[in-house]
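Chemist: One structure coming up, written as structure tokens, with questions to follow.
The values are calculated or read from the model by the stated rules, or taken from the named source; none is laboratory data. This is a predicted model, so every value here is computed, not measured. Cβ coordinates were reconstructed from backbone atoms using ideal geometry, including for glycine residues, and neighbour counts include every protein chain displayed. Note: areas computed on protein heavy atoms with side chains; ligands, DNA, RNA excluded. Shrake-Rupley method; radii C 1.70, N 1.55, O 1.52, S 1.80 Å.
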Amino acid sequence: LKRVAEEETGNSRRRMGFTEAAVITGGLGAACFGGVSKALRSPGTGLAAATPHAVLGGGLVGDGTLAMLRVITGTFQIWLTVDKIALASMGDVCNKGGGCIEMRGWNMFSTFTVWNWSLMGCYFFITGTLALLPAKTQQKLPRSVLFSLWVSFQVLFSTALLVSIVVWGVILPAIQRMEASGDFSEKAVATAKEQFWGTFGICAHTLNVVFMVLDGLLNRMQLVRSHVPFAVLFGCIYVVFCWEFYRRNNFWHYDFLDYRSDNAAIPYTLLPLVLLLSFLGAHKFLTVLKPDDEKAKSS
């Protein structure tokens, strides 16, 4: 990040943009760690509450049925991710800042959508596999592992909803306006359409919600408001990743994360707020779906 901080040394406003973004992100991360520490110690929603029965077991269906559904879902998601990274290519993609990148190989893994989708695949495959172990073996699993899976469910549930709402409610209408305006080249429009209307795009922006909502209905877990810091911390980690990705590739997937902007502090401040609100909204949504869940009442 030293090169990032020293970039454009003759332009003090740009340097201040990065400094503000770094201070905001670092401050939020530190605050989140405090919330995480408190959540871990909570008797009702911390490590002690993460039992094999609560995390791996099924609610509306049997434990074995849910385990197989999770393994199948995770295998599909991991396969589709590997297939996209290994085989797919959308050519060069450029942003407003003038940077361009070839969207193929590991560069495909750099978007928030692919992070959400691929981590969902890992969550489903791991929870399903652990649930197929003998009961005595499950009891020997570290509570930290089970708690991590519980947190993963909550963060991925809320971010899946956020990703789909943003894509279907904001990005796709913008692409339609972009095509109608005629101000963009046919290649640019075709690339944008392929990213969201291709096989992976449809799955990652639609099936992500279907899979997480279905799992939420069938499992014994709930979203807990005191676990909000985990969702915000996840966003902070992705922001830091974007800094490093820009350092290596001179490219921003999301222009609002470009710290060179004079107003970089605004989106960097709003982003954690959006993550917080999406988590609380997802918490309310799942509580409505499972109103009789004991954890929903205690959270």
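Chemist: If amide hydrogens are placed 1.01 Å from N in the peptide plane, which non-local residues have theirs closer than 5 Å to the one on residue 42?
Modeler: Amide H neighbours of residue 42: 47.
Chemist: On a full-extension model of 0.36 nm per residue, what is the gain between residue 109 and residue 38, subtracting their alpha-carbon distance, rounded to one decimal in nm?
Modeler: 22.3 nm
Chemist: Give me the one-decimal nm value for the distance between modelled label points at residue 174 and residue 263, 7 Å along each residue's Cα-to-Cβ direction.
Modeler: 1.4
Chemist: Now, a different point. Under a plain spin-label model, where a point goes 7 Å from the Cα along Cα-to-Cβ, how far apart in nm are residue 23 and residue 210?
Modeler: The modelled label-to-label distance comes out at 4.7 nm.
Chemist: With r defined as the distance between the Cβ atoms of residue 65 and residue 135 and R0 fixed at 22 Å, what FRET efficiency is calculated, to the nearest 0.05?
Modeler: For R0 = 22 Å, the calculated efficiency reads 0.85.
Chemist: Could you give the nm distance between label points at residue 202 and residue 165, where each point is 7 Å from its Cα heading toward the beta carbon?
Modeler: 2.5
Chemist: So if each residue of separation counts as 0.36 nm, and I subtract the Cα-Cα distance between residue 48 and residue 75, what length gain in nm does that give?
Modeler: Full extension from residue 48 to residue 75 adds 6.7 nm.
Chemist: Heavy atoms only, 1.4 Å probe, whole protein assembly: order 251, 33 by accessible area, highest first.
Modeler: The ranking, largest first, comes out as 33, 251.
Chemist: Residue 31 to residue 100: FRET efficiency via 1/(1 + (r/R0)^6), r the Cβ-Cβ distance, R0 45 Å, to the nearest 0.05?
Modeler: So the FRET efficiency works out to roughly 0.80.
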